[in-house]
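Peer 1: Sharing a structure here in structure tokens format.
The values are calculated or read from the model by the stated rules, or taken from the named source; none is laboratory data. On a predicted model such as this, the values are computed, not experimentally measured, just so you know. Cβ sites come from the backbone with ideal geometry, for glycine too, and all protein chains shown count toward neighbours.
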Amino acid sequence: MSELPVLYSFRRCPYAMRARLVLYTSGIKCELREVVLRDKPEEMIEISPKATVPVLQLQDGCVIDESHDIAVWAIGQNDPNGWAQYLDEMSALVDINDFKFKTHLDKYKYSSRNPELSKEEHRENANFYFEHLESLLEKNGFLSANKQTVTDLAVFPFIRQFAFVDKDYFDGLEYEHLKKWLEYHLNTEMFKNIMSKYVQWVPDSETVYFP
């Protein structure tokens, strides 16, 4: 068993980004295993049969394979920013993000696979969420407080994914606070650091550590 938690991740997956962002800000060092989704390692599938990233295996063998749960665990281990008080707000927004907004995001991004509506109609279905986020951001500039919290980190990767399907379209939307918030997060050193590129992990690879 590894002396550190083992994180199976995929650089561009928003769920994996969420996990890496919170692990990074919590200062939790992991052994990182970069996954190629078309060639998932058997070692990951054995401990998490649903075979999606992220997967975090703790030193005692316990497996956490939901990004939300990894975030909660990380803050429970080390909370240098005092973010535990925002976990309930984060969880409530994650519920909307992951089970409502993400459906529209996927149908927009992969509109050719979802011909029941046009690409334009799929993306317009996301407006309910943007309106909600805009109303939260109008108060303080961030989602839960007048500073960045775990709530922002949990949501940001998904807004980023939506925005870059068609950045010109997103930049033309009326949600000025949301666009400013996205740009802020895109330009943080934290985000740049968690987006470092790694080669695919295979057994007997040289150990890679994160962060």
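Peer 1: Would it be correct to say that residue 33 is assigned to a helix (DSSP H, G or I), at negative phi and touching a Ser or Thr at 6+ places or on another chain (Cβ under 9 Å)?
Peer 2: Details: assigned to a helix (DSSP H, G or I): no; at negative phi: yes; touching a Ser or Thr at 6+ places or on another chain (Cβ under 9 Å): yes.
Answer is no for this residue.
Peer 1: For the stretch 177-206, how many residues meet the condition of being touching a residue at least 40 places away in the same chain (Cβ under 8 Å), in contact with an Asp or Glu (Cβ under 7 Å, 6 or more places away or on another chain) and assigned by TED's automatic domain parsing to the domain that holds residue 157?
Peer 2: 2
Peer 1: Only one of these conditions is not met by residue 36: (1) closer than 22 Å to residue 153 by Cβ; (2) touching a residue at least 60 places away in the same chain (Cβ under 8 Å). Which number is it?
Peer 2: (1)
Peer 1: Report yes if residue 165 is crowded, with 19+ Cβ neighbours inside 10 Å and among the aliphatic types (A, V, I, L, M), otherwise no.
Peer 2: No: the conditions fail for residue 165.
Peer 1: Further question: Please state which one of 107, 102 is modelled with pLDDT of 95 or more, in contact with a Phe, Trp or Tyr (Cβ under 8 Å, 6 or more places away or on another chain), of a type outside the set (Val, Ile, Thr) and part of a helix (DSSP H, G or I).
Peer 2: Answer to the check: 102.
Peer 1: May I pose another question? Among the numbered criteria (1) hydrophobic (A, V, I, L, M, F, W, C); (2) over 19 Å from the mean Cα position of the chain (by Cα); (3) over 30 Å from residue 44 (Cα atoms), which one does residue 199 miss?
Peer 2: For residue 199, the exception is condition (3).
Peer 1: On to the next question. Starting from the stretch 142-154, keep only residues that are surrounded by fewer than 18 Cβ atoms within 10 Å (Cβ to Cβ), then list their pairs with residues that are of a type in the set (Lys, Arg) whose Cβ atoms are within a distance under 7 Å, requiring at least 6 positions of separation or different chains.
Peer 2: Cβ pairs passing all conditions: none.
Peer 1: In addition: Just to check your reading of the model, which residue among 22, 55 is touching an Asp or Glu at 6+ places or on another chain (Cβ under 6 Å), crowded, with 19+ Cβ neighbours inside 10 Å and closer than 21 Å to residue 195 by Cα?
Peer 2: On the way: 22 fails: touching an Asp or Glu at 6+ places or on another chain (Cβ under 6 Å).
None of the other options fit; the residue is 55.
Peer 1: Identify all residues within the stretch 110-129 that are modelled with pLDDT of 90 or more and in a helix (DSSP H, G or I); write none if there are none.
Peer 2: Passing the criteria: 111, 113, 119, 120, 121, 122, 123, 124, 127, 128, 129.
Peer 1: Of the conditions (1) under 21 Å from residue 178 (Cα atoms); (2) free of Cβ contacts under 8 Å to residues at least 60 places away in the same chain, residue 97 satisfies every one except a single condition; which number is it?
Peer 2: Just one mismatch for residue 97, condition (2).
Peer 1: Got a sec? Which of 64, 45 is without any contact (Cβ under 8 Å) to a residue 12 or more places away in the chain, within 18 Å of residue 9 (Cβ to Cβ), touching a Phe, Trp or Tyr at 6+ places or on another chain (Cβ under 9 Å) and not aromatic (Phe, Trp, Tyr)? Before the answer, list the steps.
Peer 2: Values: 45 fails: touching a Phe, Trp or Tyr at 6+ places or on another chain (Cβ under 9 Å).
Result: 64 is the single residue among 64, 45 that is without any contact (Cβ under 8 Å) to a residue 12 or more places away in the chain, within 18 Å of residue 9 (Cβ to Cβ), touching a Phe, Trp or Tyr at 6+ places or on another chain (Cβ under 9 Å) and not aromatic (Phe, Trp, Tyr).
Peer 1: Quickly run through the stretch 116-132 and pick out the residues that are closer than 14 Å to residue 93 by Cβ and surrounded by 21 or more Cβ atoms within 10 Å (Cβ to Cβ).
Peer 2: If the condition is that a residue be closer than 14 Å to residue 93 by Cβ and surrounded by 21 or more Cβ atoms within 10 Å (Cβ to Cβ), then 129 is the only one that fits.
Peer 1: So which of 143, 137 ends up being assigned to a loop (DSSP other than H, G, I, E, B), modelled with pLDDT of 95 or more and aliphatic (A, V, I, L, M)?
Peer 2: After applying the criteria, what remains is 143.
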